[in-house]
Amino acid sequence: MVVATSGMLAKKEPAVPSATGKQKQLALVRVNVTGQSYDYFRPWQKKAPFSKRALGAVLSKGRVLVTADLVANQNYVEANLALLEPAEKTFLDGITPLEITPDTVVGDRLAAWQLEPTGALLVTEGLVTTVQMMPYPIDVGQFLTYRISIPMQYRENSYTVPLVKKNKLAGLLLRYDSRSQLVDAIPAPIITHFLKEAESQNYRGFPSAGFSFFPMRDPQLREFAGEKGKGSGVYVTNVEPGTPAMKAGLQVGDIVTGIGNNEIDQNGNYVDRLYGKIEFTNLLTAHAYAGDVVPFRIERNGKPMQLNVTLEHRDAKDYVSAPYNLDQPPRYFVLGGLIFQELSRQYLKEWGPNWQREAPQRLVYFDHFQSELFAQRNRRIVILSQVLPANSTIGYDDLAYLTVKKVNGKEIKSLDELAEAAKQPINGFIKIETEEDPKQIELDASQVAAEAQELQENYGISSLQRLQ
């Protein structure tokens, strides 16, 4: 849980002298955040308190825009963006809000706005070198991103750094590599999309279609797919059940050749009026909204067709391994010292920024290929994450990161099913079957019940389960 001080906004910036000597109020506010994040290795407790400082860009209608890394557990968080509103309605009085400029292109110069401890404005200019689709840390999939070459200095308020073009907001810092001096920025089109959705009473988020694809540069793939056109389009490799693509009739083996009036080349790019060639998924994220009906032009067995895809937002709960978990404590179930959890991206990120290499590779594999591995979306991957030494776990102390298949003969697709199955021992024993060795674990049900209170006291566990 994250709580920002002073009704989300900590400090309005002092007036900064302009070149003419007149006083000018910057469209920036300092944001101080304190809080405690959940501990996924000890899911019944929280980590040590933390504090963060950042800058917020003041927008119209009394709103402040920051990155979600700063306040990841507040309302309206998506695509690594978050909106704050001051508790005191007059807090932003006297500040002229930033306008948003949507037309940044390669070759433009953007200025990073930061503040010195004295409140003086620090401006660092950089060059936009590429505009491309890249992954964001909060959400699944890729979004439009500006890449900027800029020798920016780190400041304690660098969680949110506005990037400005001619005194208009062009983007927000997404990540910065000090060695290469490259900034990846959330661009104005994504910010505008986010703000438009946030203004609606029913926030729907960014849309998705629900299919995977592969470029068709390989002439053998084009021949295999029966492509009869001019060698363009992308090959559909997977269509997830229940998604807009599946509902519209898209099939594995189809070739998507165009979306709307935009042709898709064999690299998966279309020609954008601002950016030139860029991946076609930008048409579905930055340009379209949940509920929009988007015409897909495809080839199937060499014959042209059109499918009308009604885009939907895919909520985190609709994934087998949730990509993010906002303002929700981790679910867990402790049984005689065995700790069971549901696999999620947040759990894997406990291994740090290199979690894709450092976390247990089998679990990373499940998370990455969940769409292909698990056709049923209404399920979870339940894991035995670790074992607390106890009388009932003698011999099992070293077990960790095992995938649970069955408990007492019942197939397990969620933590709730595991908890329910554990109540029905067979001949006095709770039998747990796992994908990996030792394949089978037996616990004496009466011993587990008798030692439950002692287990809680020994390890400071407030409750042996959190299923809500």
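The listed residues are Glu433, Glu420, and the only one of them that is farther than 27 Å from Glu350 by Cα and out of contact with any Phe, Trp or Tyr (no Cβ under 8 Å at 6 or more places or on another chain) turns out to be Glu420.
Taking the criterion of being of a type outside the set (Phe, Trp, Tyr) and closer than 17 Å to Gln45 by Cβ, the residues of region 433-466 that qualify are Leu455, Gln456, Glu457, Asn458, Gly460, Ile461, Ser462, Ser463, Leu464, Gln465, Arg466.
Count of region 272-288 residues, restricted to those that are crowded, with 19+ Cβ neighbours inside 10 Å and among the small types (Gly, Ala, Ser), is 2. Among the residues of region 361-379, which ones are of a type in the set (S, T, N, Q) and either touching a Leu at 6+ places or on another chain (Cβ under 7 Å) or open to solvent by less than 70 Å² (accessible area, probe 1.4 Å) (or both)? Gln370, Ser371, listed by residue number.
When you scan region 380-394, do you find a residue that is open to solvent by 60 Å² or more (accessible area, probe 1.4 Å) and out of contact with any Asp or Glu (no Cβ under 7 Å at 6 or more places or on another chain), even just one? Lay out the reasoning, then the answer.
Narrowing region 380-394 to residues open to solvent by 60 Å² or more (accessible area, probe 1.4 Å): 389, 391, 394.
So of that shortlist, the ones also out of contact with any Asp or Glu (no Cβ under 7 Å at 6 or more places or on another chain) come out as 394.
Yes: one or more hits.
Of the helices (runs of 4 or more DSSP H) lying entirely inside region 262-362, the ones with 3 or more residues being closer than 30 Å to Lys423 by Cβ are found at 345-348.
Just name the residue that is farthest from Asn267 (Cα to Cα) out of those in region 133-146 that are modelled with pLDDT of 85 or more and surrounded by fewer than 19 Cβ atoms within 10 Å (Cβ to Cβ).
The first filter runs over region 133-146 and keeps only residues modelled with pLDDT of 85 or more, leaving 133-135, 142-146.
Right, trim to surrounded by fewer than 19 Cβ atoms within 10 Å (Cβ to Cβ) and you get 133-135, 142.
Details: Met133: 13, Met134: 16, Pro135: 18, Gln142: 16 Å.
Top of the filtered list is Pro135.
Is it the case that region 165-187 has a residue that's part of a strand (DSSP E or B), among the charged types (D, E, K, R) and open to solvent by 70 Å² or more (accessible area, probe 1.4 Å)? Yes, some residue in region 165-187 is part of a strand (DSSP E or B), among the charged types (D, E, K, R) and open to solvent by 70 Å² or more (accessible area, probe 1.4 Å).
Mind telling me which of the residues Ala112, Ala82 ends up being of a type outside the set (D, E, K, R), modelled with pLDDT of 90 or more, buried (at least 24 other Cβ atoms within 10 Å of the Cβ) and not in a loop (DSSP other than H, G, I, E, B)?
On the way: Ala82 fails: modelled with pLDDT of 90 or more.
When all the criteria are applied, what remains is Ala112.
In this structure, Gln251 does satisfy being within 22 Å of Gln370 (Cβ to Cβ), open to solvent by 10 Å² or more (accessible area, probe 1.4 Å), of a type in the set (S, T, N, Q) and assigned to a loop (DSSP other than H, G, I, E, B). Among the residues of region 289-337, the ones that are of a type outside the set (Ser, Thr, Tyr), under 30 Å from Asn391 (Cα atoms) and either modelled with pLDDT under 90 or open to solvent by less than 50 Å² (accessible area, probe 1.4 Å) (or both) come to 7 in all. Does Glu358 satisfy the criteria of being open to solvent by 60 Å² or more (accessible area, probe 1.4 Å), touching a helix residue (DSSP H, G or I) at 6+ places or on another chain (Cβ under 6 Å) and more than 30 Å from Ala445 (Cβ to Cβ)? So Glu358 passes the test.
Whether a residue is assigned to a loop (DSSP other than H, G, I, E, B), modelled with pLDDT under 80 and touching a Gly at 6+ places or on another chain (Cβ under 9 Å) was assessed, and Leu70 passes this test.
Yes or no, residue by residue, for (1) within 13 Å of the chain's Cα centre (by Cα); (2) aliphatic (A, V, I, L, M); (3) at positive phi:
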| position | (1), (2), (3) |
| --- | --- |
| Ala288 | no, yes, no |
| Val293 | no, yes, no |
| Asn301 | no, no, yes |
| Glu312 | no, no, no |
| Gln328 | no, no, no |
| Val334 | no, yes, no |
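Scanning region 115-130 for residues that are open to solvent by less than 50 Å² (accessible area, probe 1.4 Å) and in a loop (DSSP other than H, G, I, E, B) turns up Gly119, Ala120.
The values are calculated or read from the model by the stated rules, or taken from the named source; none is laboratory data. The model shown is predicted, which means the values in this text are computed figures rather than measured ones. We place every Cβ from the backbone using ideal geometry, glycine too, and count neighbours over all the protein chains shown. The area values use the complete protein model at the heavy-atom level, side chains included, leaving out ligands, DNA and RNA. Shrake-Rupley method; radii C 1.70, N 1.55, O 1.52, S 1.80 Å.
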